[in-house]
Amino acid sequence: MLDTIGEMSGGMPAEFIRNPSDAMTVFEQQFQSAVAVAVRNATLTLRLPAGVTPKKAVKVLPIISDFGPSVLSDRQVILQLGDLEKENAQSVLVELMIDPRPAGLFRIAQTELTYDVPIANLIGERVRDDIKVTFTTDPNEAAQVNPLVMNFAEKANAHRLVTRVLDEYKRTGKATTRLAPNVTRVLDQETQAALEQINQGQQISQDQVKSIGNKTRKLTQRLDDLV
């Protein structure tokens, strides 16, 4: 419930505090985040041309959070980003299915960011830009990938699969989903050990369940300085 309240109010999900002695540190971090807010009510809209279909949208910074299917429609994606902090990037990962194109440069989306800057009495500010992709018939060029985007995709997928395991465990007391090595390798040892216990039919504590969820949604934070 606290996670939902945080997200609906434009803030972060609830922070899991394992030790009471950590409460003040977490409170100070949350206070500094509130003070650092520079932009409010940020909304990112992607308008898509014919032949481009949205499949999924996930926030990957400052935490991993699936926006869900409600933000997707045939020709646009609308993402409520909420408050934006100074020097603390927000990043989103949008999966698109694109019809085949001949070689060349094509626009696959027009983006628009709307936002308010209360301290400057600015309401409904807008910034627009185009997202363009080069299509090629050269297999060497086609094999090139952006390592940062691939890291985001890998960790967002790990979060999705771990969340599926935890949801099943909370419902049934066991899990049938097996995580592949390419997923578990991005998890810390404590999380790996707890998930292995679940896979073996053993029980883990509610604190462990909360801790795993808290840590896996922060998998991308170590990439923050690369953005």
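Annotations for the structure displayed:
- One residue alone among 125, 154 is closer than 25 Å to residue 57 by Cα and assigned by TED's automatic domain parsing to the domain that holds residue 43, and that residue is 125.
- Hey, residue 179 part of a loop (DSSP other than H, G, I, E, B), surrounded by 10 or more Cβ atoms within 10 Å (Cβ to Cβ) and without any contact (Cβ under 8 Å) to a residue 24 or more places away in the chain or not: yes
- Hey, residue 156 part of a helix (DSSP H, G or I), of a type in the set (Gly, Ala, Ser) and farther than 21 Å from residue 44 by Cβ or not: no
- Per-region count, the stretch 198-214, residues among the polar types (S, T, N, Q) and not in a helix (DSSP H, G or I): 4
- Scope the stretch 155-176; condition surrounded by fewer than 11 Cβ atoms within 10 Å (Cβ to Cβ) and either under 22 Å from the mean Cα position of the chain (by Cα) or of a type outside the set (Ser, Thr, Tyr) (or both); matching residues: 171, 173
- Only a single criterion out of (1) part of a loop (DSSP other than H, G, I, E, B); (2) within 17 Å of residue 153 (Cα to Cα); (3) free of Cβ contacts under 8 Å to residues at least 40 places away in the same chain is not satisfied by residue 74, namely (2).
- Residue 176 modelled with pLDDT under 90 and over 22 Å from residue 65 (Cα atoms): yes
- Of the residues in the stretch 104-117, at least one is over 23 Å from the mean Cα position of the chain (by Cα) and in contact (Cβ under 8 Å) with a residue 60 or more places away in the chain.
Okay, residues lined up against (1) at pLDDT 95 or above; (2) crowded, with 16+ Cβ neighbours inside 10 Å; (3) not in a helix (DSSP H, G or I):
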| residue | (1), (2), (3) |
| --- | --- |
| 17 | no, no, yes |
| 25 | no, no, no |
| 28 | no, no, no |
| 39 | no, yes, yes |
| 45 | yes, yes, yes |
| 84 | no, yes, yes |
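- Counting residues in the stretch 87-107 that are under 29 Å from residue 39 (Cβ atoms), among the β-branched types (Val, Ile, Thr), in a strand (DSSP E or B) and touching a strand residue (DSSP E or B) at 6+ places or on another chain (Cβ under 6 Å) gives one or more.
- Members of the stretch 120-136 found to be in a strand (DSSP E or B) and in contact (Cβ under 8 Å) with a residue 24 or more places away in the chain, listed by number: 131, 132, 133, 134, 135
The values are calculated or read from the model by the stated rules, or taken from the named source; none is laboratory data. Computed from a predicted model, the values in this text were never measured in an experiment. Quick reminder, even Gly has a Cβ in these numbers, built from the backbone with ideal geometry, and neighbours come from all protein chains shown.
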